[in-house]
Amino acid sequence: TQLLEQSPQFLSIQEGENLTVYCNSSSVFSSLQWYRQEPGEGPVLLVTVVTGGEVKKLKRLTFQFGDARKDSSLHITAAQPGDTGLYLCAGHNSGGSNYKLTFGKGTLLTVNP
Amino acid sequence: DTGVSQDPRHKITKRGQNVTFRCDPISEHNRLYWYRQTLGQGPEFLTYFQNEAQLEKSRLLSDRFSAERPKGSFSTLEIQRTEQGDSAMYLCASRLGPQNTGELFFGEGSRLTVL
């Protein structure tokens, strides 16, 4: 089983601050996705990264895939209350069962006004 | 709305009862997944369908759990003889094949509480 460790588990910050959350594994993933989940809803895709070393930006969010495709980070600049939610990283297994998406436990972010 | 829909959204049942959840995926999506999520955890993979074929079933799914997708469209997840440990959010997701790295579109989930 390929496991994804996310840190920190909880993060509470003030509006305007910057933050970084991490997603680490000892396994190689063919691709990695970040989802955001709000209470009472299903996760919604933010980004997919495929190439080792890849960096993608989505407005104030910057995603990076590690060179070895074992880890990823999400950096948020000038956080806003609307960024509050559970951030989940999820990896597609390399190999035969690459249809399966394995999720980390998530980072619960609270941005206080 | 043409997103993934799940029914019921909430189910409260007594231990030992059977429950069934339904998932209607996005119409053209041939891949369908069931996940389970408990408080403070990420979604855990339960099972995967490609069209009507169930290609993988997690070890998390005991013999009390069964999932079907009879015509390759909607899917049902049945839990027999529910236990308190079955209390969780059951999430359905779908996506379009054949590429395996596409976005999963999730429903809003069916929350099960077993008393």
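Since every read-out is calculated from the coordinates, none of them should be taken as a lab result. This structure is a prediction, so every number in the text was calculated from the model and none was measured. Note: ideal-geometry Cβ built from the backbone for every residue, glycine included; neighbour counts use all protein chains shown.
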Given H placed 1.01 Å from N in the peptide plane, which residues other than close sequence neighbours of B:Thr113 have an amide H under 5 Å from its amide H? B:Lys11, B:Ile12, B:Thr13
Shape descriptor, region B:1-57: equivalent ellipsoid semi-axes (Cα gyration tensor, sqrt 5λ, whole Å, largest first) stand at 22, 15, 13
Report the charge-dipole magnitude of region B:45-115 in Debye, nearest 20, computed about the Cα centre from +1 at each Lys and Arg Cβ and -1 at each Asp and Glu Cβ. 40
Under 16 Å from the Cα of B:Lys71 - aspartates and glutamates, other chains or at least 8 residues apart: B:Asp24, B:Glu28, B:Glu52
Of the trypsin sites (Lys or Arg not before Pro) in region A:1-94, which ones lie in a loop per DSSP and count no more than 13 other C-beta atoms within 10 Å? A:Lys59, A:Arg60
HN-Hα J in Hz across region B:71-84 - Karplus 6.51, -1.76, 1.60, θ = phi - 60°, x for Gly and Pro: 10, x, 10, 6, 10, 10, 10, 10, 10, 9, 6, 4, 10, 4
If N is the number of residues in region B:54-115, what value comes out of its Cα radius of gyration divided by 2.2 N^0.38 Å? 1.26
Translational diffusion coefficient (Stokes-Einstein; Kirkwood radius from C-alpha pairs) of chain A at 25 °C, 0.890 mPa s, in µm²/s: 175
If I model a spin label at A:Glu15 and B:Glu83 as a point 7 Å from the Cα along the Cα→Cβ vector, what separation in nanometres do I get? 4.7
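Of all the Cα-Cα pairs you can form in chain B, what percent are over 24 Å apart?
The answer is 19 percent, as a whole percent.
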Students often forget the sequence filter, so: which lysines lie under 28 Å Cα-Cα from A:Lys105 once same-chain residues fewer than 8 apart are removed? A:Lys56, A:Lys57, A:Lys59, A:Lys70, B:Lys11, B:Lys57
Rounded to a whole number, what is D in µm²/s for the protein assembly as shown from Stokes-Einstein with the Kirkwood radius over alpha-carbon pairs (20 °C, 1.002 mPa s)? 118
Charges at C-beta only: +1 for Lys and Arg, -1 for Asp and Glu. How large is the resulting dipole of region A:5-112 about its Cα centre, in Debye rounded to 20? 280
Can you give the three extents of the C-alpha atoms in region A:10-74 along their principal axes, from longest to shortest, in whole Å? 33, 26, 23
Between B:Leu96 and A:Ser26, the two model label points (7 Å from Cα along the beta-carbon direction) sit apart by a distance in nm of 3.9
Tell me, what is the FRET efficiency for B:Thr113 and A:Thr51 to the nearest 0.05, using R0 = 35 angstrom and their Cβ-Cβ distance as r? 0.20
Hey, in the GNM for chain A with a 10 angstrom Cα cutoff, which one of A:Ala79, A:Ala90, A:Ala68 fluctuates hardest? A:Ala68
